[in-house]
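A short write-up of the structure that comes next.
The values are calculated or read from the model by the stated rules, or taken from the named source; none is laboratory data. Owing to the predicted nature of the structure, the values given are computational and were not obtained by experimental measurement. In this analysis, Cβ positions are derived from the backbone assuming ideal geometry, glycine residues included, and neighbour counts consider all displayed protein chains. All accessible areas refer to the heavy atoms of the entire protein, side chains included, with ligands and DNA or RNA removed. Shrake-Rupley method; radii C 1.70, N 1.55, O 1.52, S 1.80 Å.
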Amino acid sequence: MPTFFDLNVHAYPETDVQAEDLLRVARRYGFAGIAITNHDLVVHEELKSPFIVRGVEIRAHSVLELKRKVTHYWGKVPLLAVHGGPDKLNRAAVEDARVDILAHPCGERGEGGLNHVSMRYAAENGVAIDFNVGALIHTRGGERARILSSMQEQLKLVRKYKAPMILTSNAYSIYDIRAPREMIALATLFGMSKDEATRALSEIPRGLLEKRWKREREVERL
Amino acid sequence: MKVMRYVPPSLRERRRYLLFELMGEREIDKRALLKELGDSIHSLYGDVGASEIKLRLIRYHTRKEGEGVVGVLRCAHDRVEEVRASLACIHSITDARVSIRVIKTSGTIRGATRHGGNAASR
């Protein structure tokens with residue numbers, strides 16, 4: 001059985017749930033580890049468990065602010081994610097090889113996205129494109145349809161340029177975490193194959209944590 | 001009086017039984033779960049999809065305080081992934097936040113409820 005990772009989880013102090021509680025549920029569900037990526041906030045206190053990765057999700061309103069924050073956090077935090085959404089920010093994030101993850105590039109409500117040029121940068125720089133499964137759980141009807149169709153579009157480009165992709169829950173509480181098999185089932189809703197989804201939950205996150213593609217820059221070998 | 005429809009075993013619909021676990025903020029009523037699950041399936045797959053999935057709740061068992069619920073669902077044998085997705089899409093029932101996962105699938109109720117074996121998330 002592959003080792004699964006959920007690389008976008010929000011914990012205390014951003015939310016009222018402790019990282020240890022999230023990890024307990026995630027481990028029970030079959031994850032090997034999680035990464036705490038609070039918005040612009042690094043968990044400073046000693047994390048007892050080696051299965052919790054310290055990360056940060058950078059939220060910026062302008063490209064300049066984004067670059068400043070990336071420079072600030074780079075080297076201090078093992079996992080750098082960028083809060084995606086507006087096209088300009090997405091583009092700036094994938095152009096920067098220091099960024100590990102572009103979280104929900106379609107925006108949390110399916111409004112933005114990456115075009116073919118940005119996707120090529122993502123593949124070259126080893127910036128993982130995140131498919132936020134949490135957005136599918138918390139919406140219904142027309143809104144969910146819009147999110148699904150923008151995810152389908154992204155998936156097409158990800159496949160074409162062989163950019164790394166990951167699946168995350170974007171959980172804010174222990175009730176937002178879904179077991180790996182359930183996440184894979186949700187990923188099939190927007191056209192991801194089972195194999196792709198399994199890799200997006202296990203191999204690729206693991207490679208991100210080991211910075212595999214940052215050293216070698218060989219996305220093709222995936 | 002209900003007439004038993006007899007169908008020879010070789011012609012019966014193939015089914016899968018799913019052992020699931022529900023973790024919630026509060027105790028969840030069986031009816032509320034069924035309603036939410038029906039809504040979720042309809043929202044994702046519509047009437048036609050729901051008719052093909054053929055979902056039934058077979059067992060529903062509340063465990064000790066704070067340990068949630070386990071139960072068995074039945075569906076068509078080739079629609080397990082659809083049910084999984086519908087279960088995953090449920091985020092709250094009667095305003096209590098919940099999360100549901102499938103522990104095990106099997107072709108028989110006995111297989112789904114039996115201990116050991118491939119009881120892991122696979």
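Key figures
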quantity: Candidates A:59, A:54, A:68, A:27, filtered to the one that is loosely packed, with under 14 Cβ neighbours inside 10 Å and of a type in the set (Lys, Arg); calculated: A:68
quantity: Total residues in segment B:1-34, condition farther than 23 Å from residue B:112 by Cβ and either at pLDDT 95 or above or within 11 Å of another protein chain (Cβ to nearest Cβ) (or both); calculated: 1
quantity: Residue within segment A:156-165 that is within 30 Å of residue B:24 (Cβ to Cβ), in contact with an Asp or Glu (Cβ under 8 Å, 6 or more places away or on another chain) and either open to solvent by less than 10 Å² (accessible area, probe 1.4 Å) or modelled with pLDDT of 90 or more (or both) present; calculated: no
quantity: Top-ranked residue in segment A:129-147 [being more than 9 Å from every other protein chain (Cβ to nearest Cβ) and among the charged types (D, E, K, R); ranked as least open to solvent (accessible area, probe 1.4 Å)]; calculated: A:130
quantity: Residue identified as in a helix (DSSP H, G or I) and among the basic types (Lys, Arg) among A:91, A:98; calculated: A:91
quantity: Selection from segment B:40-71 of residues that are within 22 Å of residue A:135 (Cβ to Cβ) and either surrounded by 14 or more Cβ atoms within 10 Å (Cβ to Cβ) or touching a Gly at 6+ places or on another chain (Cβ under 7 Å) (or both); calculated: B:40, B:41, B:43, B:44, B:45, B:49
quantity: Any hit, segment B:29-39, residues being open to solvent by 50 Å² or more (accessible area, probe 1.4 Å) and not in a helix (DSSP H, G or I); calculated: yes
quantity: Checklist (1) under 30 Å from residue B:43 (Cβ atoms); (2) open to solvent by 10 Å² or more (accessible area, probe 1.4 Å) applied to residue A:90, failing item; calculated: (2)
quantity: Tally of residues being more than 7 Å from chain B (Cβ to nearest Cβ) and either in a helix (DSSP H, G or I) or open to solvent by 20 Å² or more (accessible area, probe 1.4 Å) (or both) across segment A:166-175; calculated: 2
quantity: Verdict on residue A:114 being more than 30 Å from residue B:97 (Cα to Cα), within 16 Å of the chain's Cα centre (by Cα) and assigned to a loop (DSSP other than H, G, I, E, B); calculated: yes
quantity: Subset of segment A:200-220 [at pLDDT below 60 and not in a loop (DSSP other than H, G, I, E, B)]; calculated: A:215, A:216, A:219, A:220
quantity: Count - residues of segment B:78-93 that are part of a loop (DSSP other than H, G, I, E, B) and either surrounded by 14 or more Cβ atoms within 10 Å (Cβ to Cβ) or facing chain A (nearest Cβ under 8 Å) (or both); calculated: 4
